[in-house]
Each structure stands twice: as C-alpha cells, then as structure tokens.
Amino acid sequence: MEQRFLTPVRSVINDWRMPLLFGSLFIFSGILVFSVSFENYGSLNLFFGVLILVPGIWEINLAVLNRKQIKGYKWFLTGGLLDFLIGILLIYNHVITIIVLSYYVAFWLLFRSIMSIGVSFEQQSPHILGWEWLLIFVIGTLAFAFTILANIVFGSFNTLNMTAFSCIAFGFFRVIMAIGLKQIHQNISHV
C-alpha cells in the first residue's frame, strides 16, 4: 500500500535537479547584472525573458503531467503560466526601458516570493533540513522586490543593484529548495 502511494511522489520529487539548475542560473544572472553598465541594462530583457520563460515551461509541464499526484498543482500551473507570460513579454518587447523591465522583474519576484513562502512551509519537516533558509531567502527576495519598486522613483543605479540582489536571493532560494527536494527523494528511495 505504502509503495503504491510513493510511486507518483517519487516521480515528482525526482525533478529536484531543475530547481537546482534554475537557481544557479538566477545566481549567475544576479552577478551578471552587477557587471552590466547602465547603458546596457535594457539589453537584459531578452536574457531575463529566457531566464523566466524556461522555468515557466518546466513548471507548466510538471503541473499538467502530475496534476493527480500534486495536491497544490494549480499553484505550480499558475506560477508557470505567469513565468511563461512575463518571459514572452520580455522576449518580444525589445525596446523596453529600464523602468519597465524593473517593474516586470519586481512584480514577478513579488508573486514568486509570496508563492515561495508557502513552499518553504511545506518543506518544514523533521527529516528535511534547510526550510528555515528557504524562508529567509524568500523573505529577502520579497524585501528586495519591494526595494526595486521603491528605488525606481529614486534612481536607476539602485534599481540595478536591487535587481541583482533579488536574483541572487531567489537563486539561493531555488538551490536550497532543490537540496530539500533531493533529501525528500533520498528518504523516499529508502522506503
């Protein structure tokens, strides 16, 4: 009985490598934003578009294929659809300004952070280490997203830095989440 229940869960948890990859890419993108000059910031819309679009497609796929196994699959589907939409908007909007790009990234990070707070509490378990770090990094991402929105009014240099910090914090959230999923996968594999 227990084996029959765990089989679909194993297939869902087995995808822990994708959040690890996406988290690493977000950390890299944060470092990249630090190294980009203000004049080239507008060219990052294509980069951010792809960076947001690809995880969105993966999340939509995960939600649709595992909708009967994942209790809250609609959250994955909603997040994936939002990522897909924002990714497409960024890719096809070549003449986007720094302010518009900052709004896109900030609102996307706000939505993902709020969703991720629930994810961090769902990983709260005596067998899973690191859920507290998930919560810390997601709250940090949320704070940076609010700071981006506030700094849009005060200056672009601060917006660049806050965007970079947000990407790095969200990347660490994804990496820690992947480590937690790997721990769950290893615990289930022993059953």
From the list Ser120, Ser166, which one is surrounded by 16 or more Cβ atoms within 10 Å (Cβ to Cβ) and at pLDDT 80 or above?
Ser166
Using the structure shown, decide if Ile148 is hydrophobic (A, V, I, L, M, F, W, C), modelled with pLDDT of 80 or more, surrounded by fewer than 18 Cβ atoms within 10 Å (Cβ to Cβ) and part of a helix (DSSP H, G or I).
no
Against the condition modelled with pLDDT of 90 or more and either touching a Gly at 6+ places or on another chain (Cβ under 7 Å) or in a helix (DSSP H, G or I) (or both), how does Gly42 come out, does it pass?
no
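The values are calculated or read from the model by the stated rules, or taken from the named source; none is laboratory data. Being a predicted model, the structure only gives us computed values, none of them experimental. Please note: Cβ atoms are built from the backbone with ideal geometry, for glycine as well, and neighbour counts cover all protein chains shown.
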